[in-house]
């Protein structure tokens, strides 16, 4: 599984792209990918997901060019997860 990491979180990964090995069964979900990312880079998941298990308001995830809001969304083999940090200001 290939994951695009936003620049604000690259202090954890040291790279723009991260390759993760996930087991084929059970099928991977967006949440499982974030868990695997956190297992490899401790603390990164908390920057993206709050205590209720929801994406933080400033974080966006995309799979196949479509926004994903549900961490239980299944991911097919070969799909990439793009994590984007939303910008705001006035």
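I'm told residue 16 meets every condition in (1) at pLDDT 95 or above; (2) surrounded by 17 or more Cβ atoms within 10 Å (Cβ to Cβ) except one. Can you identify the failing condition by its number?
(2)
All but one of (1) surrounded by 11 or more Cβ atoms within 10 Å (Cβ to Cβ); (2) at pLDDT below 95; (3) in contact with a helix residue (DSSP H, G or I) (Cβ under 9 Å, 6 or more places away or on another chain) hold for residue 53; which doesn't?
(1)
I need the full set of residues from region 41-55 which are without any contact (Cβ under 8 Å) to a residue 24 or more places away in the chain and in contact with a strand residue (DSSP E or B) (Cβ under 8 Å, 6 or more places away or on another chain), in order please.
Across region 41-55, the qualifying residues are 49, 55.
If I ask for residues that are touching a helix residue (DSSP H, G or I) at 6+ places or on another chain (Cβ under 7 Å) and either loosely packed, with under 14 Cβ neighbours inside 10 Å or in a loop (DSSP other than H, G, I, E, B) (or both), which ones from region 56-84 would you list?
Passing the criteria: 56, 71, 72, 73, 75.
Suppose the filter is in a loop (DSSP other than H, G, I, E, B) and within 16 Å of residue 7 (Cα to Cα); does residue 87 pass it?
Details: in a loop (DSSP other than H, G, I, E, B): yes; within 16 Å of residue 7 (Cα to Cα): yes.
Spelling it out, residue 87 is indeed in a loop (DSSP other than H, G, I, E, B) and within 16 Å of residue 7 (Cα to Cα).
Would it be correct to say that residue 8 is crowded, with 17+ Cβ neighbours inside 10 Å, in a helix (DSSP H, G or I) and at pLDDT below 95? Even if it seems obvious, please write down each step before you answer.
Details: crowded, with 17+ Cβ neighbours inside 10 Å: no; in a helix (DSSP H, G or I): yes; at pLDDT below 95: yes.
For residue 8, the condition - crowded, with 17+ Cβ neighbours inside 10 Å, in a helix (DSSP H, G or I) and at pLDDT below 95 - is not met.
Could you list, ordered by first residue, the pairs with Cβ atoms under 7 Å in which the first is in region 56-70 and free of Cβ contacts under 8 Å to residues at least 24 places away in the same chain and the second is surrounded by fewer than 13 Cβ atoms within 10 Å (Cβ to Cβ) and part of a loop (DSSP other than H, G, I, E, B), at least 6 apart or interchain?
Short answer, once both residue conditions are applied: 56/50.
Residue 42 passes all but one of (1) within 17 Å of residue 63 (Cα to Cα); (2) over 12 Å from the mean Cα position of the chain (by Cα); (3) modelled with pLDDT of 95 or more; which number fails?
It fails just one condition, (1).
The values are calculated or read from the model by the stated rules, or taken from the named source; none is laboratory data. Note that the structure is predicted; figures quoted are calculated from it, not measured. We place every Cβ from the backbone using ideal geometry, glycine too, and count neighbours over all the protein chains shown.
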